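One structure is given here, and the rest of the page talks about it.
The values are calculated or read from the model by the stated rules, or taken from the named source; none is laboratory data. What you are looking at is a predicted structure, and each value in this text was computed from that prediction instead of being measured. Quick reminder, even Gly has a Cβ in these numbers, built from the backbone with ideal geometry, and neighbours come from all protein chains shown. Side chains are part of the model used for accessible areas, which takes the heavy atoms of the whole protein and leaves out ligands, DNA and RNA. Shrake-Rupley method; radii C 1.70, N 1.55, O 1.52, S 1.80 Å.
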Amino acid sequence: MNVELRASADLAVPIERAWAVWVDAARYPQWQGGLLAVGDIDGPLDVVGTTFVLDHGPKLKRTG
């Protein structure tokens, strides 16, 4: 099953600052509701092919 999610937001910050937050997996729980942690990162998040695990609690972990 393929799922496509899209979202947008207008931020009053320089693009460099917004991008820095987007590619910092340790900060994901600060702005993604229900996300507890990010782990098993195998490379930089701004490179195609990098994978990671999003931990939403004991019953839900998903790979991205």
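Tabulated data for the structure shown
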| read-out | value |
| --- | --- |
| Carbon/sulfur fraction of accessible area - the chain, other protein chains in place, 1.4 Å, % | 56 percent |
| Net dipole in debye of the chain [+1 Lys, Arg Cβ; -1 Asp, Glu Cβ; about Cα centre; nearest 20] | 260 debye |
| Accessible area per residue in Å² at 1.4 Å probe, computed on the chain | 84 Å² |
| Percentage relative contact order, the chain, counting C-alpha pairs under 8 Å, at least six apart | 20 percent |
| Positive minus negative residues near D55 (Lys, Arg vs Asp, Glu; Cβ under 12 Å) | +2 |
| J(HN,Hα) series, the range 10-26, from Karplus relation 6.51 cos²θ - 1.76 cosθ + 1.60, nearest Hz, glycine and proline x | 9, 10, 8, 9, x, 4, 4, 5, 4, 5, 4, 6, 4, 9, 9, 4, 4 |
| For the chain, with +1 on Lys and Arg beta carbons and -1 on Asp and Glu, the positive-most of G34, L45, P14 along the dipole | G34 |
| Answer label, with log10 I(q)/I(0) by the Debye sum over Cα atoms at q = 0.13, 0.16, 0.20, 0.22 Å⁻¹ calculated from the coordinates and candidates [x] -0.52, -0.64, -0.81, -0.91; [y] -0.30, -0.46, -0.72, -0.87; [z] -0.41, -0.62, -0.96, -1.12 | [z] |
